[in-house]
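Scroll down for the structure; my scribbles are underneath it.
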Amino acid sequence: MGKDKDLQNAFRHLTHKEPQTFIATVTKVDKEKKTIEIIDTDGFDFDDVRLTSVIDDTNKVVQFPKEETSVLVSRIGDDDNTLFVSAISEVESIEGTIEDTHFHIDKDGYIFEKGDVRLKDIINEIQNQIGSLCDEVNKIVVSIGVTPNVAAITQIKTAVTDTLNTELDKILKP
């Protein structure tokens with residue numbers, strides 16, 4: 001049994017590989033290149049760590065980690081120079097592109113675009129048109145009977161064009 005155990009240990013040492021995944025701390029985020037710089041638990045620095053395993057810019061979603069937070073980093077193959085982030089402890093923002101649709105989400109709000117059309121622009125235009133409609137309704141004069149309640153119409157217009165717009169600005173980024 002001693003020789004079998006020695007043989008097993010020798011084989012284990014022969015086939016031993018460094019871990020393919022390790023924990024590191026984010027030191028810098030490059031949103032343009034979609035990479036980060038990290039330092040591992042042994043104090044080694046790594047630059048140009050990919051935030052996605054695929055490097056092309058088409059049809060992907062990218063999570064950007066907060067600096068000084070932990071990430072799980074994996075090697076692609078056995079190459080110590082080709083690393084990508086496989087998990088993030090704290091997300092700073094998320095962006096994605098699917099064909100001509102783009103979105104960006106962070107603590108300040110959302111951006112949604114399809115081609116050159118932005119969701120926020122469409123909603124703002126709807127609000128402006130409702131405001132214009134209220135202005136036109138306020139101009140109506142009824143010669144006999146009850147006139148429009150101008151105060152109520154003005155209140156609706158203010159709610160749509162001012163209050164709701166302010167609320168949308170809290171969620172949808174300019």
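The values are calculated or read from the model by the stated rules, or taken from the named source; none is laboratory data. All figures in this text were calculated on a predicted structure; none of them were measured in a lab. Don't worry about glycine lacking a Cβ; one is built from the backbone with ideal geometry, like all the others, and counts go over all protein chains shown.
Side notes on the structure shown:
- Of the strands (runs of 3 or more DSSP E) entirely within the range 62-109, those holding at least 1 residues that are closer than 13 Å to Val26 by Cβ occupy 70-76, 79-88, 91-98.
- A search for C-beta distances below 9 Å between a residue of the range 122-133 that is farther than 13 Å from Ala159 by Cα and at pLDDT 85 or above and any residue that is basic (Lys, Arg) and surrounded by fewer than 14 Cβ atoms within 10 Å (Cβ to Cβ), counting only pairs 6+ apart in sequence or on different chains, returns nothing.
- Apart from one condition, Ala159 fits all of (1) assigned to a helix (DSSP H, G or I); (2) modelled with pLDDT of 85 or more; the exception is (2).
- Test set (1) farther than 30 Å from Leu72 by Cα; (2) out of contact with any His (no Cβ under 8 Å at 6 or more places or on another chain); (3) of a type outside the set (Val, Ile, Thr) - Glu113 fails condition number: (2)
- Selection within the range 94-124 - exposed (fewer than 13 other Cβ atoms within 10 Å of the Cβ) and basic (Lys, Arg): Lys107
- Any hit, the range 84-100, residues being out of contact with any Cys (no Cβ under 6 Å at 6 or more places or on another chain), at pLDDT below 95 and aliphatic (A, V, I, L, M): yes
- Of the criteria (1) small (Gly, Ala, Ser); (2) assigned to a strand (DSSP E or B); (3) exposed (fewer than 14 other Cβ atoms within 10 Å of the Cβ), which one Ser53 fails: (2)
- Single condition Ile105 does not satisfy, out of (1) outside the structural domain of Thr21 (by TED's automatic domain parsing); (2) touching a Gly at 6+ places or on another chain (Cβ under 6 Å); (3) not charged (D, E, K, R): (2)
- Across the range 125-144, the number of residues qualifying as within 13 Å of Asp162 (Cα to Cα) and among the hydrophobic types (A, V, I, L, M, F, W, C) comes to 2.
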